[in-house]
Each structure stands twice: as C-alpha cells, then as structure tokens.
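What follows is a short report on a single structure.
Rule-based calculations on the coordinates, nothing more; no lab input. Note that the coordinates shown come from a computational prediction; the quantities given were computed from them, not determined experimentally. Quick reminder, even Gly has a Cβ in these numbers, built from the backbone with ideal geometry, and neighbours come from all protein chains shown.
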Amino acid sequence: MSSSPALAEASAALGPDRDAVATSGPSDDLHGRCKVQGLAVPQACLGVLRDSAQALGEPDTLAARLRDEGYLYLRGVLDTDLVDAARSEVFGRLASVGELLEPAELGIFSGRSRRDELVSSRGAFWQSVSEGPALRRLTHGPAMHAVMRQVIGQAPRPHDYMFLRAGVRGRATGLHYDYPFFTRAHDQVYTVWMAIGDVPVEQGPLFIVEGSHRFQDLIEPMIGFDVAQDTSRKATLSQDALSFAQARGCRLLTTDFGRGDLVIFGMYTLHGALENHCERQRVRLSCDVRWQAQALPVDERYVGSPPGGTTGASYGELAGAKPLTEAWHVR
C-alpha cells in the first residue's frame, strides 16, 4: 500500500526522528533508546529478540525454540497490505473522536479526546473498533491460522476477544505472566502479540524477559491464581522491569518491530511493554490475541459476541476502551 503525497508531505514536515529506524529494519543497537519509568535501560540489561521466521515450515524447530527460549519472534510474516489496512481502519476510528491529528495514518496523538462526548458507551465503541473487518482479516485471517497450525501442531482456534492497544507517549505495561488471565480451562494457550505498523523501541513495544519461563520461584506461587477470582492480588509484579532485570541479572529482549511482525509465547513467559517516549507523539498500535488447539475446551469468557472478557465487563474493561487522554489501569 503506497502512501499518499499528502501523507508523505505531512510526515516529512515532522522532521527527522529516531523512530525512522523501523522503516529500514530492526537495529541491534538499543543503547539509550529503551526506557522504563523514564529511565534509559542500560545496554547490559537489553537483548535483541531472535528471529525464527526462517523456521516456518519446520514445526519441530519451532516447537524446540518455543520450549527452549520461551517465545518465537517471527519477523515480517504477515502481508503488509493487511497490516496497513488494519492500521488505517483503527486510526481512522481514533481520529473520528478527536484523538489523532490528520492525516490519521501517521498516528500522531492530538492531546485531546471527544470520545465520551461522541459515543454513548466506551465498551461498545471499543468492541466496534476491535471487531473492525480490516483488523480481523489481519488478526484472525488465514495467514494467522496457518502460522498457528505450525506452532500448535494441530488445528488452531483463536479467542474472539482481542486486546487492542493504542499507547501514547508515557504509556507502558508492567511485568506480568499471562497465566492468571487465560488458564481457567487449561494452560495450553498462546499469546500472539502483533505490531500493527512499524513500532520502534521508542514507541514502547513488547519485551520478553529472557529465560523467564524457567523462573520457578515466580511461576510456582502463581499456579492456581485467577486474577478475576482473587481480587486481593495483582497479576502485575510490583517491581519495575529495569529494577527486576538489574536485581536478577537478566535481560529484556525486544527489537524495532516492523509491519507484519509477531511474537508468540505461552502462559509462563514474563513480559511487558517499554515506555513510549516518542518525541513526535506517535501512538504505538499493537494487539494481542490468544490461540489454542481447536480440540481443547475454551474459556467461554473469551468467545462469542460480545465476549464477556476477564471480568465480565467485555470490552469496557480494557485499557483501550479509555480515551487516549486517560492513564491505563493495572491488574
């Protein structure tokens, strides 16, 4: 999908920016570019995700890497036209409530919102955005089914419920495992995190905590924890990612994500999102969807229309349902 002359002119008018690194592919130089709570993450605490896209077509290799490393990073495996269409659709909806400047495709935060003024229900609005046809062709379409069939080793099934995130400058996600949210039926559930457009590290993308699928001191006390049933606990760790990495002597693995990139991991991999500190006020757009084997029972909270969601409040419970001017909540 080629950009319009007006879009190119608007982008050029914003001036040079380190965000442009994503357009020429990922960089191994993360020094000084990743932030947690306003602090630059030292190079010693950073690592680059290993690309496993070349292993597609080799299910045994994919399974071994997922088992050994706790994640699969698949670079550029989805059609960029699908990515661009989904991004345009979502950003168009955000622009319609005054949250993005025009042209919306640039994803520049306006600093204001008319969402509550223009829509009668935050949850219904966010459901309509999350179920947009272009977005669903990307996230639930044949290409994703083909990838997940290889990863799971049998016919896959995605959850209907989607966690779509539009993160403005200052937004980040704390350290957590997905186990407390998605294992009520079983733990053979996979998270697929997807960059919907280029997401360089300055925009606060996903990171994986290296080796965290073997942190038994954290995993064992978590077994049986359901975040919706035990409201006295939070799934998010109290320690921030930088302090955790320094204390534990481990690394945060990330990269400059490009259009069509995926990260797949299970319920026992610790992860979060870096802080968006983009000086150009670009919004980080990503989503995560859970997948499982079709033959296994499914948690009914995450299927149907509308799906109930983790707490039963459906899409209204998500941080994405809040106007971009409001801070995200922590679970």
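Given charges of +1 on the Cβ of Lys and Arg and -1 on the Cβ of Asp and Glu, with all other atoms neutral, how large is the dipole of the chain about its Cα centre, in debye to the nearest 20?
I would put it at about 440 debye.
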Study note, to complete from the structure: Per the rule of 0.36 nm per residue minus the C-alpha distance, extending residue 214 to residue 39 adds in nm 60.3 nm
Review point. Separation between the residue 240 and residue 313 pseudo-spin-labels, each 7 Å from Cα along Cα→Cβ, expressed in nm?
Key: 2.6 nm
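If you average the sequence gap of Cα pairs under 8 Å that are 6 or more apart and divide by the length of the range 28-321, what percent do you get for the contact order?
Contact order relative to length: 32 percent.
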Practice item. State, to one decimal in nm, how far the label point of residue 80 lies from the label point of residue 143, with both points 7 Å from Cα in the Cβ direction. Key: 1.1 nm
Point to revise | Karplus (6.51, -1.76, 1.60) ³J(HN,Hα), θ = phi - 60°, over the range 154-167, in Hz, Gly and Pro reported as x | key: 7, 4, x, 9, x, 6, 6, 6, 10, 9, 8, 10, 10, x
Study note, to complete from the structure: log10 I(q)/I(0) for the chain, Debye formula on C-alpha points only (no solvent), q = 0.13 Å⁻¹, two decimals, reads -0.98
Study note, to complete from the structure: Once residue 326 and residue 53 are pulled to full extension, the length gained, defined as 0.36 nm per residue separation minus their Cα-Cα distance, is 94.6 nm
Revision key, fill the gap. Simple SL model, points at 7 angstrom along Cα→Cβ for residue 29 and residue 119; separation in nm is 4.0 nm
Point to revise | Mean-position separation - Cα centroids, the range 31-70 and the range 253-282, in angstrom | key: 10 Å
Study note, to complete from the structure: What the Cα atoms of the range 113-176 span along the principal axes, largest first and in whole Å, is 46, 30, 15
Check your understanding: Using a ≥ b ≥ c from the Cα gyration tensor of the range 117-271 (square roots of the eigenvalues), is it rounded, prolate or oblate, where a/c under 1.5 gives rounded and otherwise the larger of a/b and b/c decides, a/b for prolate?
Key -> rounded
**Study point:** the range 28-321: antiparallel DSSP beta bridges as a percent of all, rounded to 5
**Key:** 90 percent
Check your understanding: Check residue 46: other-chain or 5+ apart residues with amide H under 5 Å from its amide H, H built from backbone geometry?
Key -> 252
Check your understanding: Just going by the charge dipole of the chain, with Lys and Arg at +1 and Asp and Glu at -1 on Cβ, which of 286, 232, 148 is farthest out on the positive end?
Key -> 232
Check your understanding: Over the Cα atoms of the range 35-165, how large are the radius of gyration and the largest Cα-Cα distance (Dmax), in Å?
Key -> 18.5, 52
